[in-house]
Amino acid sequence: MIEPLIDPGIWKNRFTLGEWNTHASVRTSDHHYKLPTDIEKQLESQDWFPPALLPYLSHPEISSADPAITKRLCANHLVNFLHYTTLLEHRIVNRSVEVIIHDELEFTIPRRMKTAALQLYTDEGYHALFSNQLAEQVIDFYGMTDRPTTHRRITRLNHLIDRTPDKQRALTWFLIGFVSETIIAKDLREVCQNTLVSSVQEMLSDHLADEARHSRYFSEVFHYLWFQMSDEVRLSSARQLLEILFIFFESDKKWLERSLRSVQLSKTAVQQILITMADPQHHIFRTRSGASSTLQALKRADCFKQPEIRQMFSNRRLLDE
């Protein structure tokens, strides 16, 4: 094991998810996340997903079309988001939690960290369940036939793991979980600031309450591990963090094209939207803006005090010079 640079004992009162038995949605929520019986009425004034968070909806061909087009594109995005969430929680986040629980990391792991990780693992399984259940209801409501089977982001993260040397994989899994959990809390907070279909609002609000605690947990664990890393491991981790961050904010061209074509947009409009969404400058902006909580967590852990690491992030325009 790598010898810690600080006494792990000073962290003995951390690594909890608070009063988990009385706060975790899997333990306390009485929401059933069923589509409301007055769904048609609700859709007259409420949305499946906040249109303001989908910049391509401002394209003239969409904004001037029947409002039902925007509703359907928001529904498509919600289903994709929920399907992605199910995959992310099961195949990515819970795998990153397993490396903490089962001592796969080459670091000293406090018992409280493992206990909280087991609680978090339980939360994420529930998030996968209610995300899948709600997605299936929206699919049935619209009679969607192009059911999602995979997700570009999940595929890209798995490719990253596959090309990581065996000895480094456990830490890479953790880094992916850390980025995921610090990003998703911010994403959910932005989504929940809008008025959505009641069952969607309830589900996302319950999810946010859990993920806010998960974000704090992963940030604390990252800080703890960072202090135990050698300079060499810190540098390699920083390189991977950069790659992970940019993967999380890539545009999924194939899915977006299918979604746009499902509402019979013109080929010209579809191509214009795809080109805009794939623009490298937009990718940088999405990453820097969307990852602000992750970057703050890195700053709190003093990651950027190492000049080489600060320069790496500045070169990729995630930090100012």
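Any read-out appearing in this document is the output of simple, stated calculations on the displayed coordinates, not a laboratory observation. The structure displayed is predicted, hence computed values, not measured ones. Virtual Cβ from ideal backbone geometry, glycine too; neighbours counted across all protein chains shown.
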query = Normalised by the residues of the chain, what does the relative contact order come to in percent, with Cα pairs under 8 Å and at least six apart?
reply = 26 percent
key: For LYS167, LYS253, LYS114, order by how many other beta-carbon atoms lie within 10 Å, fewest first   = LYS167, LYS253, LYS114
query = Using 7 Å Cα-to-Cβ label points, what is the THR268/ARG112 separation (nm, one decimal)?
reply = 6.3 nm
ask   = Rounded, prolate or oblate: which fits the stretch 105-239 when a ≥ b ≥ c are the square roots of the eigenvalues of the alpha-carbon gyration tensor, with rounded for a/c under 1.5 and prolate only if a/b beats b/c?
value = prolate
remark   = Placing each pseudo-label 7 Å from Cα in the direction of the beta carbon, ARG300 and THR22 end up separated by a distance in nanometres of 2.4 nm
ask   = What are the DSSP H helices in the chain that stretch 20 Å or more along their long axis, judged by alpha-carbon atoms, and whose average Kyte-Doolittle hydropathy comes to at least -1.0?
value = 67-87, 111-142, 166-192, 198-228, 231-248
message = At a 10 angstrom cut-off on C-beta neighbours, averaged per residue, how do the peptides 299-310, 185-196 rank from highest to lowest?
response = 185-196, 299-310
key: For the stretch 251-286 and the stretch 52-110, distance of Cα centres in Å   = 17 Å
request  = Give the shape of the stretch 89-162 as rounded, prolate or oblate, defined through the alpha-carbon gyration tensor: a ≥ b ≥ c are the square roots of its eigenvalues, a/c under 1.5 means rounded, and otherwise the shape is prolate if a/b is larger than b/c and oblate if not.
outcome  = oblate
ask   = Can you give the extra length, in nm with one decimal, that the chain gains between ARG317 and THR155 once fully stretched, where that is 0.36 nm per residue apart less the Cα-Cα distance?
value = 55.8 nm
remark   = Simple spin-label estimate for ALA278/ASN194, 7 Å along Cα→Cβ, in nm, reads 2.5 nm
Listed residue (GLN311, SER262, LEU208) projecting farthest to the positive dipole end of the stretch 59-315, Cβ model = GLN311
task = Using P(r) over Cα pairs in 20 Å bins from 0, in percent as the read-out, say which of (i) 30, 56, 13, 0; (ii) 29, 49, 21, 1; (iii) 35, 60, 5, 0 was calculated from these coordinates.
result = (i)
request  = List, in the order given, every pair from LYS167/LYS253; LYS71/LYS253; LYS34/LYS253; LYS186/LYS299 whose Cα-Cα distance in the structure shown is over 27 Å.
outcome  = LYS167/LYS253; LYS34/LYS253
task = With a ≥ b ≥ c taken as the square roots of the eigenvalues of the C-alpha gyration tensor of the stretch 1-160, please select rounded if a/c is under 1.5 and otherwise prolate if a/b is larger than b/c or oblate if it is not?
result = prolate
note = Summing -39500 (n - 2.57) over every DSSP H run of at least 4 residues in the chain and dividing by its residue count gives a helix-only mean residue ellipticity at 222 nm, to the nearest 500 deg cm²/dmol, of -21000 deg cm²/dmol
